[in-house]
1. Please go through region 58-115 and pick out each residue that is of a type in the set (Val, Ile, Thr), open to solvent by 20 Å² or more (accessible area, probe 1.4 Å) and within 15 Å of the chain's Cα centre (by Cα).
2. Kindly state which strands (runs of 3 or more DSSP E) lie completely within region 71-115 and contain at least 3 residues that are under 19 Å from residue 44 (Cα atoms) and modelled with pLDDT of 95 or more.
3. Could we say that residue 19 is in a strand (DSSP E or B), of a type outside the set (A, V, I, L, M, F, W, C) and open to solvent by 20 Å² or more (accessible area, probe 1.4 Å) here?
4. Might you check whether a residue that is over 14 Å from residue 113 (Cβ atoms), in contact with a Gly (Cβ under 9 Å, 6 or more places away or on another chain) and not hydrophobic (A, V, I, L, M, F, W, C) occurs anywhere in region 61-68?
5. Which of the residues belonging to region 71-102 are under 15 Å from residue 7 (Cβ atoms) and of a type in the set (Val, Ile, Thr)?
6. Got a number for residues in region 39-56 being surrounded by fewer than 18 Cβ atoms within 10 Å (Cβ to Cβ), in a strand (DSSP E or B) and hydrophobic (A, V, I, L, M, F, W, C)?
7. Of the conditions (1) open to solvent by 30 Å² or more (accessible area, probe 1.4 Å); (2) closer than 17 Å to residue 7 by Cβ; (3) in a strand (DSSP E or B), residue 36 fails just one. Which one is it?
Amino acid sequence: QVQFVESGGGLVQPGGSLTLSCVASGIIFSSYHMAWYRRAAGKQREWVATIYVGGSTKYADAVKGRFTISRDNVKSKMDLHLTSLTQDDTAVYYCMALAGTQYDWGQGTQVTVSA
């Protein structure tokens, strides 16, 4: 069974930083492009960043220059380092393997940016 477990969220002040982690199971992690998504209250889930099998990365314009995605294929783990956070970054963050099939979403991890 494919499973994604996100962690690392929390309450952070504007301008602060946070690192989110995602551990995947049930897949050959190194064979998948991986991505982070987020969903703010009352909004649709949106794509945040992708890290490809080869290690190259791509970011949504809203987070470019502030967020950094990375992966550890040995641990089947992916991180998202968030910096210069604003209230617009408040959301539940999810990870997902990019595959021909849509896997079930994990529970996500809540990031709240507030003074």
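1. Taking region 58-115 first, the residues of a type in the set (Val, Ile, Thr) are 63, 68-69, 74, 83, 86, 90, 92, 101, 109, 111-113.
Filter once more, so that each one left must be open to solvent by 20 Å² or more (accessible area, probe 1.4 Å): 68, 74, 83, 86, 90, 92, 101, 112.
Correct list: 68, 83, 90, 92, 112.
2. Numbers: elements: 77-82, 91-98, 109-113.
So the answer is 91-98, 109-113.
3. On the way: in a strand (DSSP E or B): yes; of a type outside the set (A, V, I, L, M, F, W, C): yes; open to solvent by 20 Å² or more (accessible area, probe 1.4 Å): yes.
Taking the combined requirement at face value, the residue satisfies it.
4. No, that holds for no residue.
5. The one that is under 15 Å from residue 7 (Cβ atoms) and of a type in the set (Val, Ile, Thr): 92.
6. Result for region 39-56: 1.
7. Every listed condition holds for residue 36 apart from (1).
The values are calculated or read from the model by the stated rules, or taken from the named source; none is laboratory data. All of these numbers come straight from a predicted model, not from anything done at the bench. Don't worry about glycine lacking a Cβ; one is built from the backbone with ideal geometry, like all the others, and counts go over all protein chains shown. Surface accessibility is based on the protein's heavy atoms, side chains included, excluding ligands, DNA and RNA. Shrake-Rupley method; radii C 1.70, N 1.55, O 1.52, S 1.80 Å.
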